[in-house]
Every structure is written in structure tokens, then in C-alpha cells.
1. Counting other C-beta atoms within 10 Å, and keeping those with at most 12, which DSSP coil GluC sites (Glu not before Pro) do you find in the range 180-282?
2. Lys and Arg at +1, Asp and Glu at -1: add these up for the other residues within a Cβ distance under 15 Å of Ile227 and post the number.
3. Mind listing which trypsin sites (Lys or Arg not before Pro) in the range 209-240 are in a DSSP loop and have 12 or fewer other Cβ atoms within 10 Å?
4. Using the Cα atoms as the points, what is the convex hull volume per residue of the range 187-329 in Å³?
5. In a shell of Cβ-Cβ distance under 10 Å around Cys174, excluding Cys174 itself, what net charge do Lys and Arg (+1) and Asp and Glu (-1) give?
6. Sort 280-287, 135-142 for me by packing, meaning the mean count of neighbouring Cβ atoms within 10 Å per residue, highest on top.
7. Any idea how far the Cα center of the range 99-136 sits from the one of the range 231-252, in Å?
8. Are there chymotrypsin sites (Phe, Trp or Tyr not before Pro) in the range 202-250 that DSSP marks as loop and that have at most 16 other Cβ atoms within 10 Å, and which are they?
Amino acid sequence: MTTRTKRKKEKINQEKGDYSIWDHMSNKGYTRKEFLQFCAYAAVTTGIALTDLDKVIYAMEKKRRPPVVWMHFQECTCCSESFIRSNHPIVADIVLDKVSLDYTETLQAAAGFQAEKSLEDTIKRYKGEYIVMVEGSIPTKDGGIYCTIAGKTALQILEEVTEHAAAVIAWGSCASFGCVQAANPNPTGATPVHKLISKPVIRVPGCPPIAEVMTAIVTHILVFGKIPELDSRGRPKEFYSRRVHDTCYRRPNFDAGLFVESWDDENAKKGYCLYKMGCRGPVTYNACSTTEWNGGLSFPIKSGHPCIGCSEDGFWDNAPFYQHLGDIKTLNAEKTADKIGAALTIGVGAGIAAHAIATNIRKKKLITEQDTKQDKENS
């Protein structure tokens, strides 16, 4: 295909609005092999079985990229920063081409009336088809005056853009739970998205969410044409069904009662459990310990810092971060979790003491059994 033919095809696709991801990749010079590798990566990241890889390939090759309206309200833009830093080299190159990003205050080149026209045109042209991605909480106090754009409050804008949306995604803890803006005393009346609209909302909490989790959710919607399976709090089960504590590589140290007692002590250098330093891993649901950050390089606990529970509701009000509290309202410990799990919420001292006692009893029983066996062998 000549350069002129490619440009002609690209122009036609843009006019039709049926530009696929494969169209973008081929126009950027990627080979068919690289496209298939990308599809396999997308499938694995999303949790799609490789037996269904053909569905992913078909979606990436044939389906029009979903039109997206990305709204920014009360936030710091860390979710956008995370999203554009997905670790896969191809994703990093075409991440903004994965979706038809028709409107976003942060990244768009347009401004003023041109930007507003882009938003209005997308909503009208793709009624019932476009995806709304919301970053930030919405202020509702004093008529919502604390966040206004083009003379409209954030609440008015949210209601307008989500009315005919095919799906609504709340990126980050601000949009999912209110985050720091909603922390006590919440002067602006910051409110999460799901409390303000009647549509189902995919909540992807985290401060920020993991880039691969964000891209996986977009991929799921693109491939299957529907939202992923959600838990009781509206979070994708694929990434929020287990506690950070459950898959943490320091968990064996927790079970053995081996804890870091102070920063940079010998126990910290040995990689012992950070629970005593305020780690909220036992009460935080996220994929940090399995997916990790920065291309699977690390995550806070692996870097020697306790989890602060940033993907849980009200985590700012659960401070101080370096002291584990017993009244964390997000606790949902299972009966099968370590018996200490429940005791942990009563207090550090009681939990550690109970676990130490249990550990010592097991050790004593084991030693007694070994001594008895030895006596029998000697006799």
C-alpha cells in the first residue's frame, strides 16, 4: 500500500468514524506480527483466556474505537498521568489511539468554544455509544460553585455527559470515593460519581489506579461491548477481589510474627512485614502486589513503604498512615483469613500478642512431637 493510499484510507476512516486500533497501528508502521503480540498482551492483562484471543484480535482489527469523553473535576490529574504511562512499549506509543479521545480538558489541543463544540458533537453523534471517563470528585456544596467550566457546575456537566453514555468509568479514588477532597470536614461537599447519577459506574479506585488496570478495563469494554464483572462496591473483580495482604510476598513474615519495628532497623533490611509500621494491606483491595507498578518493577510494600490503603473509601480520614488503626471502616476480613486478621482491627498490641502466642503454641507442640518421636526411636 502506497503512502498516498494509506492517507486516503485514513481520511475516509476518520470521516466515517470507524477507525480501528489495527488501522492506527498499521498507519504507524507496526507489522501484523507486532499487532498480534499486542492483542495477546491485551488479552492477558485483561484476564481474557488465550482461547478467546480471536475475539480480541477481531475487536482490535474490526471494531471502531469507542468514542470517549474524559472529564476532569476535583483532582490532581494523577489518573491521566498513570494511564499514559502503561508499561507495554506499543501501548505507550498508541495509548491515546486505543480510544477515540474526543474530549479531555487536560490533553486536548482545542480550547474555548472549539473544545465545547467537540464535547457537544461527540454526545450527539455517538448517542448511546460513547464512554464517559470521570477523573475527580464533584463538589455539591453551595450550588457546586467550587468547580465550574464554561459557566456550568461540575454536577450539571456530569449529568449532561452521562445521560446517553454507554458506560461510565470513575478513575481513581477521587471519582470513586471522594478521596482527599471529601476528607473531613469536606468543605466543598465533594461527592463520588456513583452517588450523583443513576447509571452503573465502574469504580477503579487508587491514588492513582495502576496503568495496566486502566487499560485492561478499556480493552474489556472494547472486546466484549459491555462492562466487566463488578463487586458489591462497583469495582472490577478481576483486580479488586483480593486484598493486597493476601498476595503480598511479605505475608509469610506476617504469619510467622516477624515485623519491622522501626524504619531502617535490621528487620526492615530483612524484608519483614510492615504491619506495625501502619501497613493497610490486610484491609485494602487492589492488584498492587500482583500487577505491581512501573512495568511490574515494584509496588510500595516491595519498596519498603507500608500500603496506605489509597484504593479504599475514606483512606485520608484513616490517618495517621504510620499507625495501624483498629476502627478502619473498610474492613471486610473473611473468616478464613488469618485469625489475627480480625484481631488486628482491635489493636496492634492485642493482634501481635495473639499471633505470637498462637505461633509459640504451634512451635511447642511441634517440638514436643519431635522429642516424643526421638524417645521412641532411642528406646
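1. Glu229, Glu261
2. Net charge around Ile227: +2.
3. Qualifying residues, ordered by number: Lys226.
4. 133
5. -2
6. Per-residue Cβ counts within 10 Å, averaged per peptide and sorted highest first, yield 280-287, 135-142.
7. Here the answer is 33 Å between Cα centres.
8. Answer by residue number: Tyr249.
Every read-out reported here was derived from the displayed coordinates using simple, explicitly stated rules and does not represent laboratory data. Fair warning: this is a prediction, and the values are worked out from it, not measured in the lab. Neighbour counts run over all protein chains shown; Cβ positions are idealised from the backbone, glycine included.
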